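Have a look at the structure below before the remarks.
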Amino acid sequence: MTQKLWGGRFVSEPSQLLRRLNDSFAFDRELWNEDVEGSIAWARAIADAGVLSEEELDLILGALVRIEAPADGDYEDVHSYVEAKLYELIGAGAGKLHTGRSRNDQVATDLKLWLKRACDEAIEIVNAFATTLATRALEEAATPMPGYTHSKQAEPVTFGHWCLAYVEMLRRDRARFASASERGDECPLGSGALAGTPLPVDRDALARSLGFARANANSIDGVSDRDFAAEYLFAASMTLTHLSMATGSSRMPQKKNPDVLELARGYAARGIGELTGFLALLKGLPLAYDKDLQLDKEPLFRTRRVIATLVPALRELISGLSLDRDRMRAAAGSDALIATAVADALAATGMPFREAHDQVSRNLANLGSLAKEHGVTLDGMLARKSAFGGTAPERVAAAAKTALLESAKS
């Protein structure tokens, strides 16, 4: 049975072409759990407002909890699906559930519930990756490697220090998801189509029953606001951009292709596109709800799946990464990477740094002997970078332990 939620104004059925364009069940059925949850809360709220008797409430609640996840079906949207299933289970009494509610505030509530969970999931995934990176940083706090600027080898750093750079990025990503969730922690249910519900429902109690911090303050904004969704996409695209940093080739046995890293780079590009398209969708929309907003969900669903799949794959890559420490140390100690330390050593004798810089630049062929003369060694170079945020092994180890403590609290 397919229950239509509208149509009384029309004398004939919509064309199949219109239905194919208009119907959203193929993708918004992902919100079925949130739609059922919101319907349960609304049933209780309107029962408290005197719309439903205790028997009617029990009947509706008992049926709602029996509704299962949808498969394919001839439904306009997820709301039609839930209501149709409710009619199948209890008959005409199902029609009372929509009293005082609109699909406008219903879908806004469903989406915010979904986004709260998507943010919680992203925070957990990002935090797990940060923990893995911090663990590797602690293990490799003293493992030298070349550091790069302008894609050229510049100064030695440690692998642990390199790992902690990504920990810092992920720390900011984690905070962005949390901040977006805090700002979006408002319940639109009770906003009606745009002007508010005519029923005397306690909207604050309704919001709390769904796990929201508060009800939204303006019904027009409540049904049209998609800031939370845009912020989620921005936080996700920023995470993917940060992570756009070896597997085998099926044809060439000598190759080890960085497939996971290349896919991370590709998905970062798509994430930026999802965000840009979403913002373009919102641009210039008249208040309050417009059908354009039916297209807000697919980018969110796709992005959540990417975060849930890609970031754990990168975590596995980092966790299982084998280091050729001898080769890394040799590269980190090459003459090209000790030039700055030699210039610093000359400056430490009282020579102006600009003059020291010039002398080293003119004597690159003799850097080895200059380094030996002034006691410049790889381990000494690393140890000297002991200011806060530096690559000195002791500093890296301390920073890694701090990061692990923070991750454990998140």
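If Pro393 meets every condition in (1) farther than 20 Å from Trp162 by Cβ; (2) open to solvent by 30 Å² or more (accessible area, probe 1.4 Å) apart from one, which number is that one?
Every condition holds for Pro393 apart from (1).
From the list Ala141, Ala130, Ala94, which residue is open to solvent by less than 50 Å² (accessible area, probe 1.4 Å) and under 23 Å from the mean Cα position of the chain (by Cα)?
Answer to the check: Ala130.
Does Glu168 satisfy being open to solvent by 40 Å² or more (accessible area, probe 1.4 Å), acidic (Asp, Glu), at pLDDT 95 or above and in a helix (DSSP H, G or I)?
Taking the combined requirement at face value, the residue satisfies it.
Residues are listed down the side, and each one gets a yes or a no for (1) farther than 30 Å from Val126 by Cα; (2) assigned to a loop (DSSP other than H, G, I, E, B); (3) open to solvent by 40 Å² or more (accessible area, probe 1.4 Å):
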| site | (1), (2), (3) |
| --- | --- |
| Glu182 | no, no, yes |
| Ser191 | yes, yes, no |
| Gly196 | yes, yes, no |
| Arg208 | no, no, yes |
| Gly222 | no, no, no |
| Tyr232 | no, no, no |
| Ala235 | no, no, no |
| Met245 | no, yes, yes |
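Considering every residue within segment 297-318, establish whether at least one is open to solvent by 60 Å² or more (accessible area, probe 1.4 Å) and in a loop (DSSP other than H, G, I, E, B).
no
If I ask for residues that are among the β-branched types (Val, Ile, Thr) and within 24 Å of Arg20 (Cα to Cα), which ones from segment 55-92 would you list?
Going through segment 55-92, the residues among the β-branched types (Val, Ile, Thr) turn out to be 60, 65, 67, 78, 82, 90.
If the condition is that a residue be among the β-branched types (Val, Ile, Thr) and within 24 Å of Arg20 (Cα to Cα), then Val78, Val82 are the ones that fit.
When the residues of segment 13-33 are filtered to those that are touching a helix residue (DSSP H, G or I) at 6+ places or on another chain (Cβ under 6 Å) and more than 15 Å from Glu83 (Cβ to Cβ), which remaining residue is least open to solvent (accessible area, probe 1.4 Å)?
Ranking the qualifying residues of segment 13-33, first place goes to Phe27.
Restricting to segment 35-66, what's the tally of residues that are under 27 Å from the mean Cα position of the chain (by Cα), of a type in the set (D, E, K, R) and either closer than 18 Å to Gly192 by Cβ or open to solvent by less than 10 Å² (accessible area, probe 1.4 Å) (or both)?
Final tally of qualifying residues: 1.
Residues Leu346, Leu337, Leu275, Leu281: which one is within 16 Å of the chain's Cα centre (by Cα) and open to solvent by less than 40 Å² (accessible area, probe 1.4 Å)?
Leu275
With the requirement that a residue be β-branched (Val, Ile, Thr) and open to solvent by less than 70 Å² (accessible area, probe 1.4 Å), what does segment 359-390 give you?
Listed by number, the residues that qualify are Val360, Val376.
The values are calculated or read from the model by the stated rules, or taken from the named source; none is laboratory data. Treat the numbers as computed from the prediction; the structure is a model and nothing was measured. Virtual Cβ from ideal backbone geometry, glycine too; neighbours counted across all protein chains shown. Calculation scope for accessible area: heavy atoms of the full protein, side chains included, ligands and nucleic acids excluded. Shrake-Rupley method; radii C 1.70, N 1.55, O 1.52, S 1.80 Å.
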